[in-house]
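Heads up, the thing below is written out as C-alpha cells.
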Amino acid sequence: RKEVEQDPGPFNVPEGATVAFNCTYSNSASQSFFWYRQDCRKEPKLLMSVYSSGNEDGRFTAQLNRASQYISLLIRDSKLSDSATYLCVVNPISGNTPLVFGKGTRLSVIA
Amino acid sequence: EPEVTQTPSHQVTQMGQEVILRCVPISNHLYFYWYRQILGQKVEFLVSFYNNEISEKSEIFDDQFSVERPDGSNFTLKIRSTKLEDSAMYFCASSGSLAGDKETQYFGPGTRLLVL
C-alpha cells in the first residue's frame, strides 16, 4: 500500500494565527481524500473531506492538487481548541475500502 | 448522534494469551473495519468486513487474528496468542450508511491493549 507523507511538526502557533498543513500521497490513482483530527489518545474524527475544487468549512479550508498529488489544510484564526494532531487520509479506491493514514501533524495553539 | 462503541477501553494481558476486542458499529452501517495504532505511529488498516465475510486484510492481519460478527450488532477482533508487538490502540470503524453519507468511516474510541 502506498504512503501518505506529512510534516510531523509540531507547529506551535499563537491564538488567532493562520496555519497551513501539507500532505503528499504516492498513489496517483487515489480517489478520496480527507482530513481527520485526532486528540491525544483518542480516535480519529473526520474534520472534512477534500474535493478537487477545494472546499471550506468555517475557519478550515482544504485544497487538493491531483497533478502534484498534494493536499493542504488551512486553519484561520486558530483557537486553543484546535490543538490536536491532524491526519491526512487517502482512500486509494472509491467507496467503502480501507483508508491510508499519514502519521499526522501536531498543532499546539498557545494563548 | 449515532456512534461506534468499543469495549473494553483498556486491556492488559500476558504474552501468549487470547484477547477479544468488541465493537458495536453504527446500526445502519454495512461495512466494518479494524485499524490499529502503535504508540507514536500512524493508524494502520487491519481488516474490513462486509456481508458477513472479510473483504480485505492487510499483511498485519495474520493467522493470529480473526474477526466475527456473532450477532446483528457486535463485531469482534480476536488475537489468538498475543505478542509484545501487538500492544497498540485498536480502533473499530464503520461506514456505508443506507441513507445519507455512504462512505465516511466513523471510528470508535478504541481499546488500548497492553501485552506484558
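Working carefully through the options A:Phe60, A:Phe11, find the one that is out of contact with any helix residue (DSSP H, G or I) (no Cβ under 8 Å at 6 or more places or on another chain) and closer than 28 Å to B:Tyr33 by Cβ.
Testing whether each residue is out of contact with any helix residue (DSSP H, G or I) (no Cβ under 8 Å at 6 or more places or on another chain) and closer than 28 Å to B:Tyr33 by Cβ leaves just A:Phe60.
Of the residues that sit in the stretch A:81-111 and are of a type in the set (D, E, K, R) and over 19 Å from B:Tyr35 (Cα atoms), which one is nearest to the other protein chains (Cβ to nearest Cβ)?
A:Arg106
Just to be sure, is A:Asp57 of a type in the set (D, E, K, R), within 12 Å of chain B (Cβ to nearest Cβ) and in contact with a strand residue (DSSP E or B) (Cβ under 9 Å, 6 or more places away or on another chain)?
Considered against the rule, which asks whether it is of a type in the set (D, E, K, R), within 12 Å of chain B (Cβ to nearest Cβ) and in contact with a strand residue (DSSP E or B) (Cβ under 9 Å, 6 or more places away or on another chain), A:Asp57 comes out as no.
Restricting attention to the stretch A:59-75, and to residues there that are surrounded by 13 or more Cβ atoms within 10 Å (Cβ to Cβ) and either without any contact (Cβ under 8 Å) to a residue 40 or more places away in the chain or of a type in the set (S, T, N, Q) (or both), which single residue is farthest from A:Val100 (Cα to Cα)?
A:Arg59
Here is a yes/no grid of residues against (1) within 12 Å of another protein chain (Cβ to nearest Cβ); (2) of a type in the set (Lys, Arg):
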site: A:Gln6; (1), (2): yes, no
site: A:Pro10; (1), (2): no, no
site: A:Pro44; (1), (2): yes, no
site: A:Lys79; (1), (2): no, yes
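Only one of B:Leu46, B:Leu116, B:Leu84 is at pLDDT 95 or above, touching a strand residue (DSSP E or B) at 6+ places or on another chain (Cβ under 9 Å) and surrounded by 13 or more Cβ atoms within 10 Å (Cβ to Cβ); which?
The conditions single out B:Leu46.
Taking the conditions exactly as written (within 15 Å of the chain's Cα centre (by Cα), surrounded by 14 or more Cβ atoms within 10 Å (Cβ to Cβ), farther than 27 Å from B:Ser55 by Cβ and modelled with pLDDT under 95), does A:Asp82 satisfy them or not?
It is false that A:Asp82 is within 15 Å of the chain's Cα centre (by Cα), surrounded by 14 or more Cβ atoms within 10 Å (Cβ to Cβ), farther than 27 Å from B:Ser55 by Cβ and modelled with pLDDT under 95.
Name, by its number, the condition in (1) over 16 Å from B:Ile26 (Cβ atoms); (2) exposed (fewer than 13 other Cβ atoms within 10 Å of the Cβ); (3) of a type outside the set (D, E, K, R); (4) within 15 Å of the chain's Cα centre (by Cα) that does not hold for B:Ser73.
(1)
If you go through the stretch B:11-18 one residue at a time, do you hit one that is touching a strand residue (DSSP E or B) at 6+ places or on another chain (Cβ under 7 Å), within 25 Å of B:Glu103 (Cβ to Cβ) and touching a residue at least 40 places away in the same chain (Cβ under 8 Å)?
No, every residue in the stretch B:11-18 fails to be touching a strand residue (DSSP E or B) at 6+ places or on another chain (Cβ under 7 Å), within 25 Å of B:Glu103 (Cβ to Cβ) and touching a residue at least 40 places away in the same chain (Cβ under 8 Å).
The values are calculated or read from the model by the stated rules, or taken from the named source; none is laboratory data. Nothing here was measured: the structure is a model prediction, and the numbers come from that model. A quick note on method: Cβ atoms are made from the backbone with ideal geometry, for glycine too, and the neighbour counts reach across all protein chains shown.
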